[in-house]
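Remarks on the structure that follows.
The values are calculated or read from the model by the stated rules, or taken from the named source; none is laboratory data. Please read all numbers here as calculations on a predicted model, not as lab measurements. Every residue, glycine among them, receives a Cβ derived from its backbone with ideal geometry; neighbour counts consider all protein chains shown. Please note that ligands, DNA and RNA were not included when accessible areas were found on the heavy atoms of the full protein model with its side chains. Shrake-Rupley method; radii C 1.70, N 1.55, O 1.52, S 1.80 Å.
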Amino acid sequence: MKWLILTTSVQSAKTAQEIINAKFPKSAIINADLTSGGLENIYAALPQITHCVIFADAEARSGDVNFILGFLSGKKMPVYSVGKNGLEAIVTHGFIKDFPSDTALYDFLNANAAKIIREHLVHQAKQYLIDRGIPLTADNFAEAIEKGDRDLCTYFYVAGLNVNSRDSLGTPMLNIAARADNLDMVVWLLERGADINAASEDRGYTAVMDAVWRGNKQITAYLTEKGADVNTVNKEGQTNIVLAVGADRIEICKMLVEHGADPDVPDSMGMSAYGYAQLFKKDEITAILQKYHKEDGAV
């Protein structure tokens, strides 16, 4: 963050700077004394200014001050104004917040520091995307996840895209990471609150089902350890364990039953995972499932 303090009061500027240093770590601060005349020397710094505080009576207003405020207004940067300085007419425009006294401003900065920082980060993330011509959409977020571009994903996330958003086909972001075999993005999404059991609209797969279907042992293991429901059923009536048996995923079959997958749940054909293992003489898988098979369960 880079703060500009415009003032006619040395003490006001000093107190504001102390609060900024305490509440907004690593901020840069530029002080400009309005009693000394021209402010052309700070024009070059204006593109980097993110916040402005102004302590000034109306008499201290000048063409330079008006130019600075107009520039910051165009960038939609927050300005905090104290006292009767002639800004009341543009306070209603939203980018200037007016305070009746120095103390009121100080109290506001102390109480709202976290919110101000958060809003700043959101603005930065949105501006990053705008500068690169990247629309803030779920499809673009999904593409970044698929490519494993964590930095770009972070900008989307900070700018406001929910990790539980879906692409235009109705595929959850977590499924997209699983389908791309990207464990790093699966972890990143779950750490930010992605719904581990969200199902895609195309096949009704959860992320763990996508991992099972792709034979990705790492992602399957991670999701099951994190509590993914291993007994979900897709739109074709298949469970995770049925998919694993059909694809000869021996290690994944073991992971699933060890985390509660039921080998006796029938699919739309009336056949269970255990039944398929027996029917197609998958002896190693049958041996794994036998321990969890109910003798009077489904075929």
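Among the residues of region 276-297, are any touching a strand residue (DSSP E or B) at 6+ places or on another chain (Cβ under 7 Å) and farther than 26 Å from residue 193 by Cβ?
Going through region 276-297, the residues touching a strand residue (DSSP E or B) at 6+ places or on another chain (Cβ under 7 Å) turn out to be none.
Among the residues of region 276-297, not one is touching a strand residue (DSSP E or B) at 6+ places or on another chain (Cβ under 7 Å) and farther than 26 Å from residue 193 by Cβ, which makes the answer no.
Take the conditions touching a Leu at 6+ places or on another chain (Cβ under 7 Å), at pLDDT 95 or above, of a type in the set (Gly, Ala, Ser) and not in a loop (DSSP other than H, G, I, E, B) and apply them to residue 211. Does it pass?
yes
How many residues does region 241-263 hold that are within 16 Å of residue 205 (Cβ to Cβ) and not hydrophobic (A, V, I, L, M, F, W, C)?
2
State the number of residues belonging to region 4-23 that are surrounded by 16 or more Cβ atoms within 10 Å (Cβ to Cβ) and free of Cβ contacts under 8 Å to residues at least 40 places away in the same chain.
Qualifying residue count, region 4-23: 1.
Condition first: part of a helix (DSSP H, G or I) and in contact with a Gly (Cβ under 8 Å, 6 or more places away or on another chain). Now tell me which residues in region 1-58 satisfy that. Step through it out loud before you land on a result.
Of the residues in region 1-58, the ones part of a helix (DSSP H, G or I) are 10-23, 34-36, 40-48, 58.
Answer for region 1-58, where residues must be part of a helix (DSSP H, G or I) and in contact with a Gly (Cβ under 8 Å, 6 or more places away or on another chain): just 58.
Which pairs do you get when a residue that is on the phi > 0 side of the Ramachandran plot, found in region 219-237, comes within reach of a residue that is open to solvent by 50 Å² or more (accessible area, probe 1.4 Å), reach meaning Cβ atoms under 6 angstrom, with the pair 6+ apart or on two chains?
From region 219-237, the pairs are 237/268.
Is it true that some residue in region 216-227 is part of a helix (DSSP H, G or I), open to solvent by 40 Å² or more (accessible area, probe 1.4 Å) and among the aliphatic types (A, V, I, L, M)?
No.
Would you confirm whether or not region 173-184 contains a residue that is open to solvent by 70 Å² or more (accessible area, probe 1.4 Å) and either within 14 Å of the chain's Cα centre (by Cα) or within 23 Å of residue 51 (Cβ to Cβ) (or both)?
no
Of (1) assigned to a helix (DSSP H, G or I); (2) among the small types (Gly, Ala, Ser); (3) under 28 Å from residue 22 (Cα atoms); (4) modelled with pLDDT under 70, residue 104 satisfies all except one. Which?
Condition (4) is where residue 104 drops out.
Right, residue 133: modelled with pLDDT of 95 or more, over 16 Å from the mean Cα position of the chain (by Cα) and over 30 Å from residue 277 (Cβ atoms) or not?
Yes: the conditions hold for residue 133.
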